[in-house]
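What follows is a set of notes on a single structure, which appears directly below.
The values are calculated or read from the model by the stated rules, or taken from the named source; none is laboratory data. This structure is a prediction, so every number in the text was calculated from the model and none was measured. Ideal geometry is used to build each Cβ from the backbone, glycine not excepted, and the neighbour counts take in all protein chains shown.
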Amino acid sequence: MEHFPLFLHLRARKVLVVGAGLIAERKIALLLAAGAEVCVVARAAHSRVQERATTGQVRLQLQDFTPECLQGAWLVIAATNDSRLNEAVAQAASRRQLWCNVVDDAARSSAQVPAIVDRAPLTIAISSGGAAPVIARRLRERIEALVEPSVGWLTALARRQRTAIRKARPDLIARRRFYHWLLDGPVHDALRAAQPDQADALLQLALAEGEKPTHGKVLLVGAGPGDPGLLTLRGLRALNEADVILHDRLVSAEVLQLARRDALLISVGKTPGEDHEATQRRIHALMVQHARQGRTVVRLKGGDPFVFGRGAEELLALKQHGIAYEVVPGITAALACGAYAGIPLTHRGAADSLTLATAQRQDQAEREGAPHQQTQVVYMGVERLASHSAQLMAQGLAPDTPCALVENGSRPTQRTLHATLANVAQQARHHRIAAPALFIVGEVTRLGQQLAWFGETITPVTAHTEQAEAVLAA
Ligand code: SAH
């Protein structure tokens, strides 16, 4: 972090503004909105600033800046168009250990004014540390659209009722649940409908009723392949509701970053020496234990929980213990790796069916015939590439059948290796492809050589450009 964000309580505190042009005026308006006692020093003043002085909103001294002007100030804003004067103000402030913002000059500023979304008493501030104010402002526009004005009114209501809420819900978890209810339930609806009295009444009623006994529940959530942008909105909300998050190792750090700050994060990956069944038993026990304590548990899995994720086993365990659950799907590795490697999983003329398989079940593949005109996606296959590709050839697939390995799909480290069934194992070893990687077999992978757009693409074999074009044209 390059700057420490801080919100200042400026009510009735002196802030010195040096300069009285239009740029200064914009800062003056903000400072007044925050209740500051604004003193302006300048040789000449814009009519709007002059008007503020006549109406007593600011104190205006028409004079040259001298360090004495800083007397009694908590904060200084240098807003003149004279960079040497701004510099002098910043230096004088620094000598007195006063925070100083030089407008549009990050290098001279010891404090920066962020772009803000004002939903008083809720304030959202965004800063690029002076690196690219336009980016901060663009983000602000998006957040502005995202946070309804009613959120501010709700925050104000929560502030007024804070003591009452604390008294009626002394238990921290119950209180947190109450605040969630405030945001998601009828009180917020009433505020949206501009009915503050109704909102007040609903809140009072809920407090008087006392908390109904709540039961914990488990949300089985698919975290997607790694890129946090591929998490669903429902999944994001689950991460914000969670008291406890039990996550696999496959879940990316970027996704975990989105979780509520005070949620308890438990990594439940397989530990060395533990077999799969023991890991599962441990996970079942943790889910049941936390849910029984009334907590909202998010069981977070890479990709989709129902695609090679043992999701159903976990739900059966919950059902057995009478614990409520919901399932939030995620983008499975096959879809993500296909998309991010430019490999359509079906394509007219190249593949009209799709199989999702795991290399862990070799016997199954033996029962079936050669999968022509079909895309095969193999999970957990890197370690068994040699035997798996040999098996596909034994079933009748040609040794030059194109295939691809997508490593770390959708993550910044993504690599896609294009090969043929005959040489994929050797190429994967050569390029040190490691888990998590997905093995895609079929004509469609040729298209990936043409359509690749993300991460690194390795095409050690001669690119089958002509064939790819033929498939594209079909
Ligand atoms: N439930 C998960 C799959 C879990 S099995 C899902 O729906 O995606 C684990 C296997 O998934 C890995 O061995 C790998 O083959 C594949 N996988 C998961 N994430 C991946 C990623 N980001 N890139 C490539 N393969 C991935």
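Computed values, structure above
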{"read-out": "Residue selected from the range 192-228 under the condition small (G, A, S), surrounded by fewer than 22 Cβ atoms within 10 Å (Cβ to Cβ) and more than 23 Å from E148 (Cβ to Cβ), by the criterion modelled with the lowest pLDDT", "value": "G210"}
{"read-out": "Subset of the range 290-337 that is away from the ligand (no atom under 16 Å from the Cβ) and hydroxyl-bearing (S, T, Y) - its residue that is farthest from the chain's Cα centre (by Cα)", "value": "Y325"}
{"read-out": "Positions within the range 189-227 being more than 26 Å from R295 (Cα to Cα) and either among the aromatic types (F, W, Y) or in a helix (DSSP H, G or I) (or both), in sequence order", "value": "A190, L191, R192, P196, D197, Q198, A199, D200, A201"}
{"read-out": "Those residues of the range 97-110 which are in contact with a strand residue (DSSP E or B) (Cβ under 9 Å, 6 or more places away or on another chain), of a type outside the set (A, V, I, L, M) and in a loop (DSSP other than H, G, I, E, B), in sequence order", "value": "D105, S109, S110"}
{"read-out": "Test result for V244, closer than 29 Å to K319 by Cα and touching a His at 6+ places or on another chain (Cβ under 8 Å)", "value": "yes"}
{"read-out": "Residue pairs meeting the criteria (Cβ under 6 Å; at least 6 apart or on separate chains; first under 16 Å from H276 (Cβ atoms), in the range 303-317; second among the basic types (K, R))", "value": "G309/K301"}
{"read-out": "Breaking point among (1) more than 13 Å from L220 (Cβ to Cβ); (2) touching a Lys or Arg at 6+ places or on another chain (Cβ under 8 Å), for L246", "value": "(1)"}
{"read-out": "Residue list for the range 118-159, restricted to those being touching a residue at least 24 places away in the same chain (Cβ under 8 Å) and of a type in the set (A, V, I, L, M)", "value": "A120, L122, A125, A131, L139, I143, V147, V151, L154, A156, L157, A158"}
{"read-out": "Failed item in (1) farther than 26 Å from A394 by Cβ; (2) over 29 Å from the mean Cα position of the chain (by Cα), with A452 passing the rest", "value": "(2)"}
{"read-out": "Index of the failed condition, C337 passing every other in (1) crowded, with 20+ Cβ neighbours inside 10 Å; (2) under 27 Å from I173 (Cβ atoms)", "value": "(2)"}
{"read-out": "Number of the condition not met by G381 [criteria: (1) modelled with pLDDT of 95 or more; (2) more than 15 Å from E443 (Cα to Cα); (3) within 11 Å of the ligand (Cβ to nearest atom); (4) touching a Leu at 6+ places or on another chain (Cβ under 8 Å)]", "value": "(1)"}
{"read-out": "1 or more residues at pLDDT 95 or above and under 19 Å from G224 (Cα atoms): qualifying helices (runs of 4 or more DSSP H) within the range 241-360", "value": "253-256, 311-320, 333-340"}
{"read-out": "Entirely in the range 111-178, the helices (runs of 4 or more DSSP H) that have 2 or more residues that are closer than 28 Å to A208 by Cβ and at pLDDT 90 or above", "value": "149-160, 162-168"}
{"read-out": "Residues of the range 74-118 satisfying the condition of being small (G, A, S), more than 18 Å from E25 (Cα to Cα) and more than 36 Å from the chain's Cα centre (by Cα)", "value": "A88, A90, A92, A93, S94"}
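Let's see how each residue does on (1) buried (at least 20 other Cβ atoms within 10 Å of the Cβ); (2) touching a Cys at 6+ places or on another chain (Cβ under 7 Å); (3) over 21 Å from T346 (Cβ atoms); (4) not assigned by TED's automatic domain parsing to the domain that holds R348:
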residue	(1), (2), (3), (4)
V377	yes, no, no, no
M380	no, no, yes, no
A386	no, no, yes, no
S389	yes, no, yes, no
L392	yes, no, no, no
C403	yes, no, no, no
N408	yes, no, yes, no
L421	yes, yes, no, no
A428	yes, no, yes, no
